[in-house]
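Novice: For reference, the structure I am asking about is given below.
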Amino acid sequence: MDKLRVDLGEKSYDICFSDSFEQLAYEMENINAPKKLLIVTDTNVEKLYAGEVKEKLTEAGYDCAVYAFPAGEQHKNMDALLGICGACIKNELDRKSMIVALGGGVVGDMAGFAAAIYMRGIDFVQVPTTLLSQSDSSVGGKTGIDFLEGKNILGAFHQPRMVYINVNTLKTLPEREFVSGMGEVIKHGIIKDAEFYEFLKNNSEKVRSLDTEVLIKMAKRNCGIKAEVVECDEKENGLRAILNFGHTIGHAVESALGFSLTHGECVGLGMEAVFYIAVKRGMIDESELRNVEETLSEYGFSLKVKLPEPEKIYSFMRRDKKKVDGKLKFVLPVRIGEVVRTTDVNDDEILEAISYISKRAD
């Protein structure tokens with residue numbers, strides 16, 4: 001089995017890459033997982049994989065229960081979080097027990113946050129089943145919920161004990177969710193690895209056809225980029241901020257539209273917007289913006305969407321938790337594979353960039 005180590009000292013863990021759940025119980029034994037487990041999932045993933053995962057863990061001697069909350073970003077809230085904690089109590093989890101987060105980014109964020117606060121913190125493992133969670137949210141220890149129309153406003157840094165990625169779960173993923181996940185994958189190439197970006201650009205047909213070998217290769221390098229950044233800056237005090245490339249505008253679009261677009265779709269729009277800002281500043285040539293737009297389009301992204309007035313999007317940006325002394329933090333491209341952080345993007349630049357990604361009325 002392919003593995004990648006995330007080196008965080010005492011909090012280090014492995015990311016395991018597979019094409020099935022066959023080795024999950026074995027890998028749980030490798031981390032000395034306790035016998036008492038709660039599999040936390042959502043109502044969509046429960047029907048697909050919860051039974052199989054529970055069966056394999058039970059056969060290996062684990063005492064497993066399953067708790068599923070309603071699927072969807074709209075349920076990434078305090079009520080659902082407390083439901084997970086209630087399930088922990090109902091199933092008699094103690095401080096030595098463990099949560100298994102089985103599902104997409106919402107499941108991982110919520111289950112991880114519940115693990116961070118239940119009995120002042122218990123262990124959990126990530127078993128991500130979507131491309132978005134396999135490529136981004138399952139690695140790095142960020143957990144949280146949405147609050148008062150703000151995305152991930154409440155949360156904690158809580159590293160998993162292990163991440164187990166079965167790339168074949170992507171074969172049951174709706175096309176739109178696959179596109180969403182590619183937003184984060186493409187982002188990782190843009191911010192830190194031009195060669196990986198070119199691999200994605202040149203292998204789009206194999207990636208979209210879900211070639212298992214290509215998916216594992218993509219997942220391993222993608223997670224490697226994320227791990228390299230997290231190892232240098234676990235709690236986002238510096239370098240890790242580059243992972244927010246495309247997110248400052250993207251998160252605001254996501255919130256302003258009431259989460260009717262997926263996270264990755266919004267990140268794609270956000271990346272397009274910051275490339276536009278960089279072009280207008282003379283930081284990059286317009287051909288690089290066209291290059292990225294071509295790649296996004298190849299993977300199924302919409303390059304223009306119907307948005308509220310730019311001022312409304314901007315009002316959501318002002319609530320962004322990633323501010324310094326009241327100034328919004330931006331990550332701008334220098335070239336494919338390199339970005340810079342800045343807080344000097346002005347209001348006019350922001351509003352013009354939002355207008356650029358907005359679909360004009362006919």
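The values are calculated or read from the model by the stated rules, or taken from the named source; none is laboratory data. All of these numbers come straight from a predicted model, not from anything done at the bench. All Cβ positions, glycine included, derive from the backbone under ideal geometry; neighbour counts span all protein chains shown. Surface accessibility is based on the protein's heavy atoms, side chains included, excluding ligands, DNA and RNA. Shrake-Rupley method; radii C 1.70, N 1.55, O 1.52, S 1.80 Å.
Novice: Taking the chain as a Gaussian network, Cα atoms linked when under 10 Å apart, which of Glu184, Glu265, Glu298 shows the biggest mean-square fluctuation?
Specialist: Greatest mean-square fluctuation among the candidates belongs to Glu298.
Novice: Note down the relative contact order for the chain as a percent, whole number, built from C-alpha pairs under 8 angstrom at least six residues apart.
Specialist: 15 percent
Novice: A further question follows. For His188, His75, His263, write out the residues from largest to smallest accessible area, computed with a 1.4 angstrom probe and no ligands counted.
Specialist: His75, His263, His188
Novice: In addition: Ordering Arg290, Arg221 by accessible area with a probe of 1.4 Å, largest first, what comes out?
Specialist: Most to least solvent-accessible, the answer reads Arg290, Arg221.
Novice: If I stretch the segment between Thr343 and Glu92 completely, what's the gain in nm (0.36 nm per residue apart, minus their alpha carbon distance), one decimal?
Specialist: 85.6 nm
Novice: In deg cm²/dmol and to the nearest 500, what is the mean residue ellipticity at 222 nm of the chain if only DSSP H runs of at least 4 residues count, each as -39500 (n - 2.57), divided by the residue total?
Specialist: On the way: 13 runs with 156 residues, N = 362.
Taking each H run of at least 4 residues, the total per residue is -13500 deg cm²/dmol.
Novice: Using a Gaussian network model of the chain with C-alpha springs under 10 Å, which one of Leu257, Leu38, Leu296 is most mobile by mean-square fluctuation?
Specialist: Leu257
Novice: Would you mind computing, in nm to one decimal, how far apart the modelled labels at Met283 and Glu228 are, each placed 7 Å from Cα along Cα→Cβ?
Specialist: Distance between the two pseudo-spin positions: 2.0 nm.
Novice: Does the range 294-355 come out rounded, prolate or oblate, given a ≥ b ≥ c as the square roots of the eigenvalues of its C-alpha gyration tensor, rounded meaning a/c under 1.5 and, failing that, prolate meaning a/b above b/c?
Specialist: It is oblate, given that a/c is not under 1.5 and a/b is not larger than b/c.
Novice: Taking the DSSP beta bridges in the chain as the whole, what percent of them are antiparallel, to the nearest 5?
Specialist: Taking every DSSP beta bridge within the chain, about 40 percent pair in antiparallel fashion.
Novice: Further, regarding this structure: Based on the Cβ-Cβ distance of Ser209 and Ser260, what FRET efficiency does E = 1/(1 + (r/R0)^6) give at R0 = 41 Å, to the nearest 0.05?
Specialist: Here the calculated transfer efficiency is 0.90.
Novice: Just to be sure I understand: with springs between alpha-carbon atoms less than 10 Å apart, which residue in Leu131, Leu289, Leu82 has the highest mean-square fluctuation in the Gaussian network model of the chain?
Specialist: Checking each option, the largest mean-square fluctuation is seen for Leu82.
Novice: I would also like to ask the following. So what's the angle, to the nearest 10 degrees on a 0 to 90 scale, between helix 286-298 and the longest Cα principal axis of the chain?
Specialist: Value to nearest ten degrees: 40.
Novice: Is the shape of the range 236-307 rounded, prolate or oblate, going by the alpha carbon gyration tensor and its root eigenvalues a ≥ b ≥ c, with a/c under 1.5 for rounded and a/b larger than b/c for prolate?
Specialist: oblate
Novice: Right, next: Can you give the % of DSSP beta bridges in the range 5-75 that are antiparallel, to the nearest 5?
Specialist: 20 percent
Novice: From largest accessible area down, sort Glu309, Glu195; use a 1.4 Å probe on the protein chains.
Specialist: Values: Glu309 125, Glu195 150 Å².
Putting Glu309, Glu195 in descending order of accessible area: Glu195, Glu309.
Novice: I want to check the label-to-label distance for Ala156 and Glu195. Put each point 7 Å from Cα in the C-beta direction and report it in nm to one decimal.
Specialist: 3.9 nm
Novice: Ok, one more. Can you tell me the accessible area per residue over the range 117-266, all protein chains present, probe 1.4 angstrom, in square angstrom?
Specialist: 34 Å²
Novice: So, with a 1.4 angstrom probe, what is the percent of accessible area on the range 1-125 that is carbon and sulfur?
Specialist: 46 percent
Novice: Does the range 242-362 come out rounded, prolate or oblate, given a ≥ b ≥ c as the square roots of the eigenvalues of its C-alpha gyration tensor, rounded meaning a/c under 1.5 and, failing that, prolate meaning a/b above b/c?
Specialist: Numbers: a/c = 1.44, a/b = 1.02, b/c = 1.41.
It is rounded, given that a/c, with a ≥ b ≥ c, falls under 1.5.
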